[in-house]
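One structure is given here, and the rest of the page talks about it.
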Amino acid sequence: MASPAEDPKDATPTTQVQNRAVLDALPFADTQDFEDARRGFLGTLPEVEIKNDRGRVVWSLKEYGFLGEEGAPPTVNPSLWRQARLNMSHGLFQVTDRIYQIRGFDISNMTIIEGDRGLIVIDPLISTEVARAGLDLYITHRGRRPVTAVIYTHSHTDHYGGVRGVVDEADVRAGTVEIIAPAGFMEEIVSENVLAGVPMIRRAQFQFGATLPKGPRGQVDAGLGKVTSRGTVTLIPPTRIVTAPIETHRIDGVEIVFQLAPETEAPAEMHMFYPALRALNLAENATHNLHNTYPIRGAQVRDANAWARYLNEALDRFGRDADVVFAQHHWPVWDNHRVLDFLTKQRDVYKYLHDQTVRLMNHGWKAAEIAERLALPKSLAGTWHVRGYYGTLSHNSKSVYQRYLGWYDANPANLNPLPPVERGRKYVEYMGGAEAAIARARRDFERGEYRFVAEAMSHVVFADPSNMEARRLGADALEQLGYAAESATWRNAYLLGAFELRKGQPNTVARAAISPDVVRAMSLEHVFDYLGVRLNGDRAEGRRIVINWVFPDLARPYVLNLENCALTYLADRRSERADATVTLDRATLDRLILRETTLADAAQGGLARIEGDAAKVAELFSLLDDFALMFEVVEPKRPA
Ligand SMILES: [Zn+2]
């Protein structure tokens, strides 16, 4: 029986041949990683299904049961299949004396160190529900002890969001729980996640594949772990910031040497060495895959050169004294000679990526050409932990190019091309119409030329999104690219692209772009920057509004100025010519940003005072856009 046109299809003979070739090219007989991923296992939860207070499942490994099969199906690259199976290891694990990890309760790991009085929790996952469940699992096996400190290794949500699941903020305020983070931590959370938060969340669906059905023809993994948890995201600001390149502290009786590693996997990140335990924690800079110098969800590009430099410093400073190295994702590597080998290769893969891209750039190659040429050196190609399950050499090398030279390849034909819809229409016209283009693409599809078929059909879809034949053929091509991809993030992107071409954009309710804790953590500068990016430039045309803002609890006045469709501000200033002066405290401002109240209601309730022309304040707020979390990606944007 033929399956409906909208269902995922099987791997074509071309894809099957490609995937079979992977079996011969890579050292599948080397099963050390499987031993390491199991080592120290103490216990787990059945299927690790975790719900929130309202009974909604926020994390589950149930749907991944199909990964019990050892051999990869024809629809999954065998190298990725192997990684997806490794990432299924879940539960509480002992890493070494006093160090434990919760794995498989989220995309990231929560590390727990047994201190003299209680527990040091490192990176409490994305959401409170899974962090709580992880801590409970630890307590079941090791007994109840208080959390005495939390350490955030870096400024990404999967390393702090569950903090309220493991500590009470009152204990932090009372000084009984210390929270430690690297320099720049709070700044970077806001600048990475707030201003461009909405498109990052939508684009992250393509990177992680969270909205895809799971299965051999769907999502199997995210490379770095299974997928992201969907519970309550929180943040408690740090009480101690590590600011020197190397700082040593005794935290709850455990000596920790902190090594700052800024501008690496995150703009604010740090490594840790525990000398007495002979253990090295590299946060997220040395994991069991090539990481991203540019995640395809979109982000400012990262510095591959700095990444290699900080790994080299860690290797030099701590390597000889480490019997185990681990990260806040994946599984540890034990024994000093293996630790040194692991660190050397991790260091070199980022250095190679950086240097070879820049070398080819200097020879005049363009980003797309460099990405096509670059391959792992033979001495690294058979090393599992540097393979591209998360980042790829291809898109990472484009980000190295971008860091130095930007998006433009210097060919003026590409300086100001037509935008997607107009370009699509011209391509279709030049190709002799949609029907002719589809007929040619079908022949190319039969020959396995999926990359170009996907591109050509995208032009037809942008010219006419109602062309179902083009959508289906484009989807078929993306799907085969996904089945052959070694990178989980590429697979997810291709398969979600195919899914949305076939079925349209799902009505997914994505999580809010900003959590209440992050709003509270924003500086006033961040708040006004955030208002600035919400200003609708078209509707602001011709308006001139000046408002003084007074925050009695912060003792800092601000003046906000709208002219030329641009919203600017100055701190510690008041304008004599202001249309109005708004007086309110910071907590009320937070509620305004979170839309829990309006300025008019706050004024009525006595939480804000408006002097002068209140209508001007209302006018300014009326010019601010709201952003919908879902938008079209694989087809033209529909007018709102
Ligand atoms: Zn992470």
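Calculate how large, on average over all directions, the projected area of the Cα convex hull of the stretch 575-640 is; give the answer in nm² to one decimal.
6.5
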For the chain, what is the calculated [θ] at 222 nm in deg cm²/dmol (nearest 500), taking -39500 (n - 2.57) for each run of four or more DSSP H residues and dividing by its residue count? -12000 deg cm²/dmol
Spelling it out for Gln219: with amide H atoms placed in the peptide plane at 1.01 Å from N, the residues 5 or more places away or on another chain with amide H under 5 Å from its amide H are Lys214
If a/c stays under 1.5 just call it rounded; otherwise compare a/b with b/c (prolate if a/b is bigger, oblate if not). Do that for the chain, with a ≥ b ≥ c from the square roots of the Cα gyration tensor eigenvalues. oblate
Which of the peptides 79-90, 412-423 is most tightly packed, and how do the rest follow, going by the mean number of other Cβ atoms within 10 Å of each residue? 79-90, 412-423
Run the dipole for the stretch 105-182 about the Cα centre, Lys and Arg Cβ at +1, Asp and Glu Cβ at -1, nothing else charged, and hand back the magnitude in debye, nearest 20. 200
Among Ile50, Ala149, Thr75, whose Cα sits farthest toward the positive end of the charge dipole of the stretch 29-158 (+1 at Cβ of Lys/Arg, -1 at Cβ of Asp/Glu, about the Cα centre)? Ala149
His385 neighbourhood, Cβ < 9 Å, K/R = +1, D/E = -1, net charge +1
By the C-alpha gyration tensor axes a ≥ b ≥ c (rounded if a/c is under 1.5, else prolate when a/b exceeds b/c, else oblate), the shape of the stretch 403-521 is prolate
Give me the percent of DSSP beta bridges within the stretch 211-325 that run antiparallel, rounded to the nearest 5. 80
Would you list, by chain and number, the aspartates and glutamates whose Cα falls below 12 Å from the Cα of Lys351, excluding same-chain residues fewer than 8 positions away? Asp303
Students often check this: by mean Cβ neighbours within 10 Å, which of 467-474, 586-593, 491-498 ranks highest, and how do the rest follow? 491-498, 467-474, 586-593
Length-normalised contact order of the chain, Cα under 8 Å, at least 6 apart, in percent, tallies to 13
Could you please state how large a percent of the accessible area of the chain is carbon and sulfur, counting protein chains only and using a 1.4 Å probe? 51
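Could you order Phe34, Phe93, Phe41 by accessible surface area, starting with the largest, using a probe radius of 1.4 Å?
Phe41, Phe34, Phe93
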Taking the Cα centre as origin and putting +1 on Lys and Arg beta-carbons and -1 on Asp and Glu beta-carbons, what dipole magnitude results for the chain, to the nearest 20 debye? 660
Beta bridges per DSSP with both ends in the chain, % antiparallel, nearest 5: 75
Length gain on complete extension for the stretch Thr31 to Thr211, per 0.36 nm per residue less the alpha carbon to alpha carbon distance? 61.7 nm
With θ set to phi - 60° and the Karplus curve 6.51 cos²θ - 1.76 cosθ + 1.60, what are the ³J(HN,Hα) couplings of the stretch 415-430 in order, to the nearest whole Hz, using x for Gly and Pro? 6, 9, x, 4, x, x, 5, 5, 4, x, 4, 5, 4, 4, 4, 5
Quick one: accessible area per residue over the chain, 1.4 Å probe, rounded to a whole number of Å²? 42
Quick one: Karplus J couplings for the stretch 206-212, per residue in order, coefficients 6.51, -1.76, 1.60, θ = phi - 60°, nearest Hz, x for Gly and Pro? 6, 6, 9, x, 4, 8, 7
With the crude spin-label approximation of a point 7 Å out along Cα→Cβ, what separation in nm comes out for His337 versus Asp538? 6.8
Taking every pair of distinct Cα atoms and averaging 1/r, then inverting, what Kirkwood hydrodynamic radius in Å comes out for the stretch 445-590? 19.6
In terms of modelled amide H atoms, which long-range or inter-chain residues lie less than 5 Å from the amide H of Leu535? Asp625
Out of Asn396, Gly432, Ala413, whose Cα points farthest toward the positive end of the dipole of the stretch 373-443 (charges: +1 Lys, Arg; -1 Asp, Glu; placed on Cβ)? Asn396
Could you run the Karplus curve 6.51 cos²θ - 1.76 cosθ + 1.60 with θ = phi - 60° over the stretch 72-84 and give me ³J(HN,Hα) per residue in whole Hz, x for Gly and Pro? 6, x, x, 8, 9, 4, x, 5, 5, 4, 4, 4, 5
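The values are calculated or read from the model by the stated rules, or taken from the named source; none is laboratory data. Since the structure is predicted, the reported quantities are computational estimates derived from the model, not experimental observations. Note that each Cβ is placed from the backbone with ideal geometry, even for glycine, and that neighbours are counted across all protein chains shown. Protein only, heavy atoms only, side chains kept; ligands, DNA and RNA dropped before computing areas. Shrake-Rupley method; radii C 1.70, N 1.55, O 1.52, S 1.80 Å.
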